[in-house]
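The structure appears below as structure tokens.
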């Protein structure tokens, strides 16, 4: 009888605690109390790119990767240029490997880009399904040295920056499988859908290998993904 009472009390306590948990913050709202709100500064060395060519962040001179939501791509491009000094307000990602910006202020242009949440449904084109190229993307192969890893808002690896400035965007399950190749200082070859933009080249990676002759597709492609593009010749 006593065990039953104790078990019932434990369930009631757990239910009460769950009911009192605060709801998650809305997009663009201040971080939870467990996150530290801060402002950092630095010089922009380059932008990072999504597979569709939108800007989704900055790399600062000290190596800090700053995430800016892609729906602010046009505003960010108009307000900030590589070489500009900026101040960024926001918080660290859960792993601390990425700084998530709520606002970016450019000292030279005196303009500020602020994240007020995602746009209304229908105002932004939906991203293509995994493995499907965006308009204008070409089947591309590249080989180069990994300068640094790139991460998504949750802190997971979702790409790499090569020494020649090429941005590789790699879905997390692929990055996990090829972690030994996608490491700073390693030479890696990749194949996928390449897009040249005013801010550099980005490749939506479909296969990875230690060289162009040893490319491999991921072991477990996401359901519904299209086959990787056939090999083509491209400059390394």
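The single condition from (1) over 30 Å from residue 62 (Cα atoms); (2) exposed (fewer than 14 other Cβ atoms within 10 Å of the Cβ) that residue 131 fails is (2). Scanning region 112-128 for residues that are closer than 24 Å to residue 58 by Cβ and loosely packed, with under 14 Cβ neighbours inside 10 Å returns 114, 116, 117, 119, 123, 124, 125, 127.
None of the figures in this text is laboratory data; all of them are computed from the coordinates on show. Values in this document were obtained by computation on a predicted structure and should not be read as measured data. Neighbour counts are summed over all protein chains in view; Cβ atoms, including those assigned to glycine, are modelled from backbone coordinates with ideal geometry.
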